[in-house]
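Readers should treat all values here as calculations from the given coordinates under stated rules, not as data from a laboratory. Given the structure is predicted, the values throughout are model-derived calculations rather than measurements. Methodologically, a virtual Cβ is constructed for each residue, glycine included, from the backbone with ideal geometry; neighbour enumeration extends over all protein chains shown.
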Amino acid sequence: MIALLAAALLAATPHAPQREASEPLPPEQEARVQLLGKQLRCAVCQGLSIADSPSSMARAQLDTVRSLVKEGKTDQEIFDYFIARYGEWALLAPPAHGFNWIVWAGPALILVLGAFIISRLVRTGPEPSQASKEAAPPSGPPKQDAAEAEDPYLAAVRAELKK
């Protein structure tokens, strides 16, 4: 019961709490901290921002963002601070340049390629498979190859079947 209550309280918290020793910021600056925190990746959790992560490292990073906002740093200066320490991986949405273009353009290219292949298949229709070619009844009299024509046992079986 207590665990459910604690989980509900944690889920209702809109952001990671401040450290106890840090000073609270004015509401407009705290909103900016949360906005910036939503754009920075937690180094411990997978796919979570530092604003959404419950880990202590994310809270420490969010406190770093608070102190940088309090110092009057711009958004880009704060991003540069985290990129210098953690690389571009620290950004939840890395900029589209260089090798990152594959990440941004890859899904669109796969969709276009898939649509092209599907349209080609719909336009031309399916090719008959080898099994269906073999299963189709022959259009003329049965052809005998040279080995079957010379086999006396096969000729005897055919003669018996005709009776």
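When all alpha-carbon pairs of segment 24-94 are counted, what percent fall beyond 15 Å?
Everything past 15 Å amounts to 45 percent.
Just subtract the alpha-carbon distance of Asp80 and Gln46 from 0.36 nm times their residue separation and send over the number in nm, one decimal.
Working: separation 34, 0.36 × 34 = 12.24 nm, distance 2.12 nm.
Full-extension gain reported as 10.1 nm.
Order 108-121, 51-64, 24-37 from most to least packed using the mean count of other Cβ atoms within 10 Å. Write out the running numbers ahead of the final one.
Values: 108-121: 9.9, 51-64: 18.3, 24-37: 14.7.
Put in order of decreasing packing, that is 51-64, 24-37, 108-121.
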